[in-house]
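*Asks:* Take a look at the following structure, please.
The values are calculated or read from the model by the stated rules, or taken from the named source; none is laboratory data. All values reported here derive from a predicted model rather than from experimental measurement. With ideal geometry, Cβ positions are generated from the backbone for all residues, glycine too; neighbour counts draw on all protein chains shown.
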């Protein structure tokens, strides 16, 4: 019997981890399937569930059941001339903290000794890895052996629990057997007159092995904009990844803003963050997965043009048991433009200028009327995981996973509701002022959210882009491990949707992070910042860009 330290947590609705997620859709749709009553029920069910699962809830303590056998039969005497042992093999690596034996003291008060040994040719090795002794009661029950220091056990390696008592048979201990040698298939029992020479027993013994697994933490801070005009706002995305199997007891994030940046708001509470001071947050029991929150700032208008303001983020993590790990500090530089108020022009100059400008705008509006204007572009893996995204309106790392999960749920919903017994990929839906064009690929789905009416050009380009993605990344996505570095550069192909040649300079093979390994955890900081889609075109038609 084996178990993991902590059950992996469902990701929050912003996570881009390798898990399928539920999906929320914007209200107010009135056309197509959005008018169906079932969709309202789906929204009501999904939204509170997503909020409840958003915050980390893994327990952080050293005693999690990892391996055990609770089958009880009859007892076996443990005394000076009879040592008793039971082997076990962990299904995953962990740190051993406690062992329990179902036993009792059959004589006068005395201690039962327990050792953990490695395996040597199918029997306990001579050396003791860790051990202790406990004075147990005369009544049968689970007897606890607290082990110190914690012993790191390796996955699928055999270890032995060895019990001994120097007293005579009538005054020794009894350890309960399980009645067969199949109660714990991964191990076996053994007997020895001296702890050196061993023979196999015909039965397994009742035991429980406890321990914990450590987290593997990684921190990243990005900014939606690296250049701000005075009064303009930007969002910092604070991302915490735990790639380990265990939870971190806590992670503290302390933010320091320079005089050129002013705090606006944050949503740290959405993932369980507790504010313990000004711009100081504490996250308890950070389980496996990806956790992120946004902190919004505004550029001050009391600084000189070209001021570089550095925001400072200090991360103070602990291990699974609350032992502090090295403190990390990351800074993000924001350049502030402050050119002062615009020059005042005589009203008649503006009036004269408005004549040709107004005529040109009228022609442009008439030209654009009814044409398709792209709002969002998503590339989503066939398992529902977001691979790439460009946006006209969304801020990076905040809403895109919600919409990606929405896309997956919409597809599943439509196929189930309208496709009968056939699974036909959805090509598009319409609701309100928005349209969603979906171009299904072999390993991914391309989704384009747009306004207006497509004359066929957008659909053709979407198909070309989907085929290009399959050509460049199809083999990778077919057996994708979930590592986003394997698809780095995919976003550079999206300009095909606007009739442009893709930028392939960053396609595939770029590294993402550099890190240090210290204190049992990999703490890596990536100094990357997103431009927040400032240069994303808003129309698939080149003549609409100018």
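*Asks:* Conditions first: (1) in contact with a strand residue (DSSP E or B) (Cβ under 7 Å, 6 or more places away or on another chain); (2) farther than 24 Å from residue 212 by Cβ; (3) without any contact (Cβ under 8 Å) to a residue 24 or more places away in the chain. Residue 134 passes all but one, so which condition is the exception?
*Replies:* (2)
*Asks:* Is it the case that some residue within region 328-339 is at negative phi, modelled with pLDDT under 85 and surrounded by fewer than 12 Cβ atoms within 10 Å (Cβ to Cβ)? Give the derivation first.
*Replies:* Of the residues in region 328-339, the ones at negative phi are 328-339.
Of the ones still in play, those that are also modelled with pLDDT under 85 are 339.
Filter once more, keeping what is surrounded by fewer than 12 Cβ atoms within 10 Å (Cβ to Cβ): 339.
Checking region 328-339: at least one residue is at negative phi, modelled with pLDDT under 85 and surrounded by fewer than 12 Cβ atoms within 10 Å (Cβ to Cβ).
*Asks:* Let me spell it out: the conditions are (1) touching a residue at least 60 places away in the same chain (Cβ under 8 Å); (2) surrounded by fewer than 22 Cβ atoms within 10 Å (Cβ to Cβ); (3) closer than 30 Å to residue 326 by Cβ, and residue 215 meets all of them except one. Which number is the exception?
*Replies:* (2)
*Asks:* From the list 236, 207, which residue is closer than 30 Å to residue 325 by Cβ and in contact (Cβ under 8 Å) with a residue 60 or more places away in the chain?
*Replies:* Working: 207 fails: closer than 30 Å to residue 325 by Cβ.
It is 236.
*Asks:* I've got another one for you. Counting only residues that are surrounded by fewer than 18 Cβ atoms within 10 Å (Cβ to Cβ) and farther than 21 Å from residue 319 by Cα, which one in region 52-67 is modelled with the highest pLDDT?
*Replies:* Within region 52-67, the match that is modelled with the highest pLDDT is 53.
*Asks:* Right, another one. Scan region 438-457 for residues that are closer than 11 Å to residue 497 by Cβ and at pLDDT below 85 and report the count.
*Replies:* 1
*Asks:* Confirm whether residue 460 is modelled with pLDDT of 50 or more and under 30 Å from residue 334 (Cβ atoms).
*Replies:* no
*Asks:* Counting only residues that are over 24 Å from the mean Cα position of the chain (by Cα) and on the phi > 0 side of the Ramachandran plot, give me the strands (runs of 3 or more DSSP E) lying completely in region 254-317 with at least 2 of them.
*Replies:* So the answer is none; nothing clears 2.
*Asks:* For region 436-454, name all the residues that are over 31 Å from the mean Cα position of the chain (by Cα) and either surrounded by 14 or more Cβ atoms within 10 Å (Cβ to Cβ) or within 14 Å of residue 494 (Cα to Cα) (or both).
*Replies:* Answer for region 436-454, where residues must be over 31 Å from the mean Cα position of the chain (by Cα) and either surrounded by 14 or more Cβ atoms within 10 Å (Cβ to Cβ) or within 14 Å of residue 494 (Cα to Cα) (or both): 451, 452, 454.
*Asks:* Let me ask something else. All but one of (1) under 30 Å from residue 242 (Cα atoms); (2) in a helix (DSSP H, G or I); (3) modelled with pLDDT under 85 hold for residue 496; state the number of the condition that does not hold.
*Replies:* So the condition that residue 496 fails would be (1).
*Asks:* To continue, here is another question. Condition first: more than 30 Å from residue 63 (Cα to Cα) and touching a helix residue (DSSP H, G or I) at 6+ places or on another chain (Cβ under 8 Å). Can you find one or more residues in region 255-271 that meet it?
*Replies:* There is no residue in region 255-271 that is more than 30 Å from residue 63 (Cα to Cα) and touching a helix residue (DSSP H, G or I) at 6+ places or on another chain (Cβ under 8 Å).
*Asks:* What are the residue pairs meeting all of these: first residue in region 488-516, first residue in the same structural domain as residue 477 (by TED's automatic domain parsing) and farther than 12 Å from residue 473 by Cβ, second residue part of a helix (DSSP H, G or I) and at pLDDT below 75, Cβ atoms under 8 Å, and 6 or more apart or on different chains?
*Replies:* Partner pairs satisfying both residue conditions: 498/542; 499/542; 500/542.
*Asks:* Conditions first: (1) under 30 Å from residue 94 (Cα atoms); (2) out of contact with any strand residue (DSSP E or B) (no Cβ under 9 Å at 6 or more places or on another chain). Residue 302 passes all but one, so which condition is the exception?
*Replies:* Status for residue 302: all satisfied but (1).
*Asks:* Scan region 193-203 for residues that are in contact with a strand residue (DSSP E or B) (Cβ under 8 Å, 6 or more places away or on another chain), part of a loop (DSSP other than H, G, I, E, B) and closer than 16 Å to residue 83 by Cβ and report the count.
*Replies:* Residues meeting the conditions: 6.
*Asks:* Could you list, in sequence order, the residues of region 455-467 that are touching a residue at least 12 places away in the same chain (Cβ under 8 Å) and surrounded by fewer than 18 Cβ atoms within 10 Å (Cβ to Cβ)?
*Replies:* Once the filter is applied, which keeps residues that are touching a residue at least 12 places away in the same chain (Cβ under 8 Å) and surrounded by fewer than 18 Cβ atoms within 10 Å (Cβ to Cβ), region 455-467 yields 455, 457, 459, 463, 464, 467.
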